[in-house]
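The values are calculated or read from the model by the stated rules, or taken from the named source; none is laboratory data. Computed from a predicted structure; not experimentally measured. Quick reminder, even Gly has a Cβ in these numbers, built from the backbone with ideal geometry, and neighbours come from all protein chains shown. Heads up: the accessible areas ignore ligands, DNA and RNA and are worked out on the full protein's heavy atoms, side chains in. Shrake-Rupley method; radii C 1.70, N 1.55, O 1.52, S 1.80 Å.
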Amino acid sequence: MFFLQTLSLSTLIVLGVGVFGFLIYHGVSFWFISALIMLSIYSLGGSSTLLGIVFAGLLLLNLSIIRRYILSFPIYVTLKALKFLPTISQTEKEAIEAGTVWMDAELFSGYPDFKKILAQSYPRLQSEEEQFLEGPTEELCKLVKDWEVYQNRDFPQEVWDYFKKEKFFGLIIPKEYGGLGFSASGNSAIIGKLGSRSAPLGITVMVPNSLGPAELLVHYGTQAQKDYYLPRLANGEEIPCFALTEPNAGSDAGAMTSSGTVFTGEDGQPWIRLNWNKRYITLAAKATLLGLAFKLSDPDHILGEKEDIGITCALIPGSTKGVVVGRRHDPLGVPFFNCPTQGKDVEVPLSAVIGEREGLGKGWKMLMECLAAGRGISLPANCSSGAKTVARVVGAYSMIRKQFGLEIGKFEGIQEQISEISGMSYIMEAARKYTCGGIDQGAKPAVVTALAKYHFTEMFRQVITRGMDVVGGAGISLGPRNLLGHSFIASPIGVTVEGANILTRTLIIFGQGAIRCHPYILDEIHGIEDNDIARFDKGFWGHQAHIVRNLVRMTFLNLTRGFLVIPPRWDSTARYYQKLTWASAKFACYSDIALIFFGGGLKIKERVTARFGDVLSWMYLSSAVLKRFDTDGRLKEDIPLMKWSLQYAFSNMQTAFQELCSNMGLLFYISGLITRFNPLGSYPKDSLSAKVAKCIQKPGHQRDRLTEGIFLSDDLEDALGRLDHAFKVISSRQYLYKKLQVAIKKRVLTKMPIRELIDAAVKEDVLTKQEAQELVEAEDLRDDVVKVDDFSQDEYMQTSV
Ligand SMILES: Cc1cc2nc3c(=O)[nH]c(=O)nc-3n(C[C@H](O)[C@H](O)[C@H](O)COP(=O)(O)OP(=O)(O)OC[C@H]3O[C@@H](n4cnc5c(N)ncnc54)[C@H](O)[C@@H]3O)c2cc1C
């Protein structure tokens, strides 16, 4: 070490920055760094006074027992007096604490461990789930004709009976209670397939298998409640619904006014008198069992000391006196049961409360915990399968429909739309499987499922809109031939339910993430709230070290553009792992600066938190894409899709970072310049987009694999079956169309309408009669696909959306 004395000052500075930067970058312990500081000063011949001062300072910083009283206490008192950290209400607290932290914490850390992410096993469906998909699910899809459901505004009785017979409402109920006991991945695959056939079908099966009586009972019910209700729910004897939303309590569901009052019944036992006014409740008019959330009070102290017991969930048989159901809303004309319900002095015994005494006042916690996992299953399943269906439809349609003498799918404008459709569909399927896999392994990742819910529904909205544009009038004209119109109409529903999207993006993803996934904030908040100085000290100093580490990492990664990061794979994905590490460090650093800058006020800076949420989301979605590419076997044919998805993700992160910098004042001015001139990425190039579009524009294994899991029909009366058949036939005869083109080029034939051209080609010996017949057949199929429905005046007057 004494050789240091021989070095010039500038060399020493460079060496110091390099060595300490390296140690800080890799998160080496502060004890080690302190020892090295001491050693360096000693080696450089520092005086004993200097050594003593530095030693005392480092000891103070390292020994929490001393630091806590000398440094942390005054800081704690100041922050508390300034109310610097956000105050959290009880309902917010329960929402924030619901679920678990999963790989979102890795992304929040600024130093994600991708080896850990890649090592997580990917879900495989159990054989029973596979059989259920191939058997009853396939059968149910065949029974349901989407257009007929819309015309009759209900399923035929045969379908309702089939739901019950095959236990479609008991997918998540454990086998010991007569259910099917399927995993999150299995549930998602089934809902997805049904949703690809018909949105009302997906929604109707999804609701009893997501947040509602069955799930609440499985987790929180008493044994007696489970034994009684779960078998009845599994076999469809009971149809459930869950009623939370009210006219004045939508997004802010905790503001509900539905009430329950404890009273002593004629049997001398505690009973509850309920009054409610709920709306938008799916299945309510069909339900025999209402799950109800209400605020419980015990003014006569029958249950104990507490008067306001809090939000509680109970199960109310639909036949109970005072329960009002029967009226319906009309959700954009999509024919599923969505209804208001009221309760007028409905009296139920205490045993109606989910969990009975244990469940009193625990309703909000129950709901938030179930939502923490559930939000990542059903809606993502519907959106992902919906996107795969759109991809399959537009891929085929764009290569069948001709305009200006060319398949429209060969025009760059259409390719742009199709690349977005197939790219987003690839991202969604990647994230669907990854998220369900995490849930199946026991995670209840509240932040990840919130961002999944938001981005899946938003991406699907984009996918279906682009799909509608590609098919033009064929998407607009409703009828049995239309494959996209109903999905387009239904797409805002997912955006609104399970936490409306604006709120989810602006308040939940980062708001919850910053507190839940941040390695230190929760300790700081709880330390202040609970007057726990030791916890505050641990959180506060850990946080400071975290900020320094990420500042060093961000600076290093900004300077090197991430090129020196060692990725877990050295192939076409390597650069993306490097960039993701860079993005994570930048995100962690910026979010800490924002937390310091705004303090508790960050809660209401929704446009700032929304953009942080966007970066976090796109980092998660990128990780899912890398994981999918890896698990699918790193297929060469999927490289364009993998690259497109990641470039799209990085361009979104870049936009969010840039917007953050431009809206956070002078503090971020320099960062804004660096971000602008040293970007993380940009939108995929046109050449890449064209390759991505082509992945679904040719029939075959890749197209089938990319759209795997949706309902496919070989029935030529079915619109998708017909389209797929025409696509295969027309594609297989391309070599005959080529013969015509060559003949035109050689001036053997002249340009004319296709059917005349085929006749002329036979006359000129360009085609044999057999070949001409094959082309006529292909043209017939093309004409058939291009056809849209029309109706007589009478028929038209009787059709509904
Ligand atoms: C078809 C359908 C089915 C449903 N099924 C059920 C069901 O089975 N059971 C049930 O209990 N409920 C159900 N709901 C209700 C659904 O959960 C609510 O619609 C949802 O919570 C939003 O409430 P709201 O519609 O009253 O919107 P509002 O709360 O009025 O919100 C309006 C807009 O304001 C935004 N917003 C609100 N607060 C903020 C904020 N702080 N920051 C930024 N933006 C904000 C929202 O994101 C939304 O965009 C269903 C709704 C629909 C439409």
- Taking every Cα atom in the range 450-536, find the radius of gyration and the maximum pairwise distance Dmax, and write them in Å. 21.0, 68
- Message: Greater than 19 Å separation of Cα atoms is the criterion. Which listed pairs, K93/K295; K636/K738; K365/K605, meet it?
- Response: K636/K738; K365/K605
- Solvent-accessible area per residue for the range 502-565 (1.4 angstrom probe, square angstrom): 40 Å²
- What shape does the range 413-477 have by the C-alpha gyration tensor, where a ≥ b ≥ c are the square roots of the eigenvalues, rounded means a/c under 1.5, and otherwise prolate means a/b greater than b/c and oblate the rest? prolate
- Message: Please report the antiparallel percentage of the DSSP beta bridges confined to the chain, to the nearest 5.
- Response: 80 percent
- Item | Inter-site label distance for H26 and N152 at 7 Å from Cα along Cβ, in nm | 6.9 nm
- Query: From the Cα gyration tensor of the chain, with a ≥ b ≥ c the square roots of its eigenvalues, which class applies: rounded if a/c is under 1.5, or else prolate if a/b is larger than b/c, or else oblate?
  - Reply: oblate
- Taking each pair of different alpha-carbon atoms in the range 696-776 once, compute 1/r for the pair, average those values, and report the inverse of that mean as the Kirkwood hydrodynamic radius in Å to one decimal. 14.4 Å
- Message: How large is the translational diffusion coefficient of the range 645-801 in µm² per second when you combine the Kirkwood radius over alpha carbon pairs with Stokes-Einstein at 4 °C and 1.567 mPa s?
- Response: 62 µm²/s
- Task: Distance between Cα centroids, the range 37-57 to the range 120-155: provide it in whole Å.
- Result: 72 Å
- Task: Could you pull the Cα extents of the range 502-628 along its three principal axes, largest to smallest, in whole Å?
- Result: 51, 34, 24
- Note on the structure: Within the range 152-178, the residues whose backbone N lies under 19 Å from a label point placed 7 Å from the Cα of D227 along the Cα-to-Cβ direction are 174-178
- Message: Just to make sure I understand: if all protein chains stay in place, what is the order of R273, R357 by accessible area at 1.4 Å, largest first?
- Response: R357, R273
- Quote to one decimal, in nm, the extra length available between S8 and I476 on full extension: 0.36 nm per residue of separation minus the C-alpha distance between them. 160.9 nm
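Quantify, in whole percent, the carbon and sulfur part of the accessible surface of the chain (1.4 Å probe; protein heavy atoms only).
The nonpolar share, carbon plus sulfur, comes to 57 percent.
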- Message: Quick check for you: with a 1.4 Å probe and neighbouring chains kept, what is the accessible area per residue of the range 17-84, in Å²?
- Response: 61 Å²
- Square roots of five times the C-alpha gyration tensor eigenvalues of the range 511-580, ordered largest first and given in whole Å, equal 34, 13, 9
- Using a simple spin-label model with points 7 Å from Cα along the Cα→Cβ vector, what separation in nm is obtained for S732 and Q131? 3.4 nm
- Subtracting the Cα-Cα distance of L50 and V762 from 0.36 nm times their residue separation yields 246.3 nm
- Query: Modelled label-to-label distance, K80 and F263, 7 Å Cα→beta-carbon offset: nm?
  - Reply: 4.6 nm
- Task: Work out how much length A545 to E708 would gain on full extension: take 0.36 nm times their residue separation and subtract the Cα-Cα distance, in nm to one decimal.
- Result: 54.0 nm
- Message: Translational diffusion coefficient of the range 230-366 at 4 °C, 1.567 mPa s, Stokes-Einstein with Kirkwood Rh over Cα pairs, in µm²/s as a whole number.
- Response: 85 µm²/s
- Query: Rule-of-thumb check for the range 47-100: C-alpha Rg over 2.2 N^0.38 Å?
  - Reply: 1.82
- Message: I need the phi-derived Karplus couplings for the range 367-372: 6.51 cos²θ - 1.76 cosθ + 1.60, θ = phi - 60°, integer Hz, Gly and Pro marked x.
- Response: 5, 5, 5, 5, 5, 4
- Task: Determine the per residue accessible area of the range 320-362 with all protein chains present and a 1.4 angstrom probe, expressed in square angstrom.
- Result: 48 Å²
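Of K142, K738, K751, which has the most accessible area with a 1.4 Å probe, and how do the rest follow in descending order?
K751, K738, K142
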